[in-house]
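Heads up, the thing below is written out as structure tokens.
The values are calculated or read from the model by the stated rules, or taken from the named source; none is laboratory data. Computed from a prediction, not measured in an experiment: that's the story for all the values here. Counting neighbours? That spans all protein chains shown, and the Cβs are built from the backbone with ideal geometry, glycine included. Calculation scope for accessible area: heavy atoms of the full protein, side chains included, ligands and nucleic acids excluded. Shrake-Rupley method; radii C 1.70, N 1.55, O 1.52, S 1.80 Å.
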Amino acid sequence: MYTKVEEALQFVMKANKGQKIKITGMDKSFHHIMVYSMIRDINHTEDVLVASLLHDIINDSEYGYEEIEELFGTLVADMVSDLSEDMSIAKWLDRKKEFVNRMKRNFDINVINIMIADKLTTLLSYYEHFIQNGDKLWKLTGGSKDENCWLFRELYLVAKKKNADKKILSRYKELLIVYFGDFDEED
């Protein structure tokens, strides 16, 4: 009999089968496992660990809230839903603004920690491409360099204000500085 986390890992592999991360070409499941690994270092609650594994499933697969709720429970489904972008918003920047505003209103520290671990993992995955190609990277994301700068810095400020995990925030800030330069952390 599998644990809930092991079942979630199998589900992620199934949901992401054949999918690659656009910019790096890596298997999409690797991203989920990286986020899980970061969260596992700071939280051992089974539902939080499962949500960290499933965080992008609604956005990136055929599975929705109902399937996640049925398989993993309402708490997990709610966290994954909170972490999902509203894909009905077609314009990249508008969708990101809506997501940032939802994160500002979200007071579940587990959701905030998963969100910042997710974004840190994204920035980590961009690093090699950035070193080789510089700011050409941002053209591949859907937004401009300035829009990406706004997004990643704004999410950092949200997570910092909500007291997200300091170790993850520190790594995240280091990469923000690499990509976009130093910045003022005042609101």
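Assorted remarks:
- For the stretch 133-187, the set of residues classified as over 16 Å from the mean Cα position of the chain (by Cα), outside any helix (DSSP H, G or I), more than 22 Å from Leu93 (Cα to Cα) and at pLDDT 95 or above consists of Lys162, Asn163, listed by residue number.
- Flag not set for Leu75, criterion: of a type in the set (A, V, I, L, M), part of a helix (DSSP H, G or I) and closer than 24 Å to Lys139 by Cβ.
- Candidate set: the stretch 93-132, residues that are among the β-branched types (Val, Ile, Thr) and open to solvent by 60 Å² or more (accessible area, probe 1.4 Å); chosen: the one modelled with the highest pLDDT: Ile109
- Residues of the stretch 19-59 classified as closer than 18 Å to Met79 by Cβ, of a type in the set (A, V, I, L, M) and in a loop (DSSP other than H, G, I, E, B), total: 1
- In the stretch 82-92, the residues that are open to solvent by 20 Å² or more (accessible area, probe 1.4 Å) and among the small types (Gly, Ala, Ser): Ser88, Ala90
- Taking the criterion of being open to solvent by 40 Å² or more (accessible area, probe 1.4 Å) and either of a type in the set (Phe, Trp, Tyr) or modelled with pLDDT of 95 or more (or both), the residues of the stretch 18-35 that qualify are Phe30, Ile33, Met34.
- Just one residue in the set Ala15, Ala51, Ala8 is touching a residue at least 24 places away in the same chain (Cβ under 8 Å), buried (at least 16 other Cβ atoms within 10 Å of the Cβ) and over 30 Å from Glu147 (Cβ atoms); that residue is Ala8.
- Verdict on Glu69 being at pLDDT 95 or above, open to solvent by 20 Å² or more (accessible area, probe 1.4 Å), assigned to a helix (DSSP H, G or I) and over 22 Å from Ser29 (Cα atoms): no
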